[in-house]
């Protein structure tokens, strides 16, 4: 039985780890990492996303083997370049352009599958023009509107503006969101309140939050309080290896949560694994701290190996063990 819906993007990832190991053309994207982060704790997850006709169908079949529903994945009638490249210097430093130089630096043969790849230049989202990857309301299967909770991975501004009202028309009462850098920009300052209003939890990286507040504030707690004042119950600031800040509007509660001390192999998707874990932990308890702890542990499992679903191979009981240990490390401010 479906309990959660996760909406986001799929990609074809090529990764060079900090140890110089190549990981070529593997299924990735925030959608898969968030799904795995939630599946660490429970089943009943449905996915919504868009891919081109050239996206490997075998990859979707692999997702189904993990008990995840994929009927919300829509194949378009055109090819889409969904390649993504990540070269890690360390756990917190990644470069996404010029793959030729990175392969040469490591003495590795440049793969043909990356020929012609250019990293997308980060631009500000359009408030009016849809893209092929914009999620439309009719992309959601009707049964997906009967679930109780949904998470929106980073998507364009139009997707994040239009989907929450559609979800609320169903039975979705908990909506969490990780904003896209395409609209976490001072240009969008006056439009952020409309996106945030009514969201259960706004889960953003520190970098995106600082970009939005550039020239307005340098205080992360002040930023979180401002976002919450727009009508959002919970704000989480994800800070990579430094853990997270958690702000609760109704209780005016502030928590500092360190990252669980995991052995980092590949940080790709850790932030999205966190979001999936948060969704599951929060919806099970309606406690923001429990959600934050669950998300933290999902991320800790994800970074210890390669692949979006590595976390699901953890030993039984390991996630709960880590969560209890982390609970003792969380500090109320």
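Here are the numbers:
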{"item": "Residue match in segment 252-270 (condition: in a helix (DSSP H, G or I), crowded, with 19+ Cβ neighbours inside 10 Å and at pLDDT 95 or above)", "result": "yes"}
{"item": "For residue 221: the one exception among (1) farther than 24 Å from residue 163 by Cα; (2) free of Cβ contacts under 8 Å to residues at least 24 places away in the same chain; (3) in a helix (DSSP H, G or I)", "result": "(2)"}
{"item": "Residue match in segment 199-215 (condition: farther than 20 Å from residue 30 by Cα, exposed (fewer than 15 other Cβ atoms within 10 Å of the Cβ), over 21 Å from the mean Cα position of the chain (by Cα) and modelled with pLDDT of 95 or more)", "result": "yes"}
{"item": "In segment 120-135, residue nearest to residue 22 (Cα to Cα) [restricted to those that are touching a strand residue (DSSP E or B) at 6+ places or on another chain (Cβ under 9 Å) and surrounded by 14 or more Cβ atoms within 10 Å (Cβ to Cβ)]", "result": "133"}
{"item": "Segment 299-320, residues that are farther than 20 Å from residue 247 by Cβ and part of a helix (DSSP H, G or I)", "result": "300, 301, 302, 310, 311, 312, 313, 318, 319, 320"}
{"item": "Per-region count, segment 234-251, residues assigned to a loop (DSSP other than H, G, I, E, B) and under 25 Å from residue 307 (Cβ atoms)", "result": "2"}
{"item": "Output for segment 279-295, where each listed residue is under 18 Å from residue 30 (Cβ atoms) and either in contact with a strand residue (DSSP E or B) (Cβ under 6 Å, 6 or more places away or on another chain) or not in a helix (DSSP H, G or I) (or both)", "result": "279"}
{"item": "Residue 214 free of Cβ contacts under 8 Å to residues at least 60 places away in the same chain and under 25 Å from residue 74 (Cβ atoms)", "result": "no"}
{"item": "Residue in segment 155-168 that is closer than 20 Å to residue 273 by Cα, at pLDDT 95 or above and either buried (at least 23 other Cβ atoms within 10 Å of the Cβ) or in contact with a helix residue (DSSP H, G or I) (Cβ under 9 Å, 6 or more places away or on another chain) (or both) present", "result": "yes"}
{"item": "Breaking point among (1) over 30 Å from residue 242 (Cβ atoms); (2) surrounded by 12 or more Cβ atoms within 10 Å (Cβ to Cβ); (3) more than 23 Å from the chain's Cα centre (by Cα), for residue 80", "result": "(3)"}
{"item": "Test set (1) without any contact (Cβ under 8 Å) to a residue 60 or more places away in the chain; (2) more than 29 Å from residue 141 (Cβ to Cβ); (3) touching a helix residue (DSSP H, G or I) at 6+ places or on another chain (Cβ under 7 Å) - residue 185 fails condition number", "result": "(1)"}
{"item": "Test result for residue 148, free of Cβ contacts under 8 Å to residues at least 12 places away in the same chain, out of contact with any strand residue (DSSP E or B) (no Cβ under 6 Å at 6 or more places or on another chain) and within 20 Å of residue 44 (Cα to Cα)", "result": "no"}
{"item": "Any hit, segment 86-100, residues being in contact with a strand residue (DSSP E or B) (Cβ under 8 Å, 6 or more places away or on another chain) and assigned to a helix (DSSP H, G or I)", "result": "yes"}
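The values are calculated or read from the model by the stated rules, or taken from the named source; none is laboratory data. On a predicted model such as this, the values are computed, not experimentally measured, just so you know. Note that we place each Cβ from the backbone using ideal geometry, even for glycine, and neighbour counts take in every protein chain shown.
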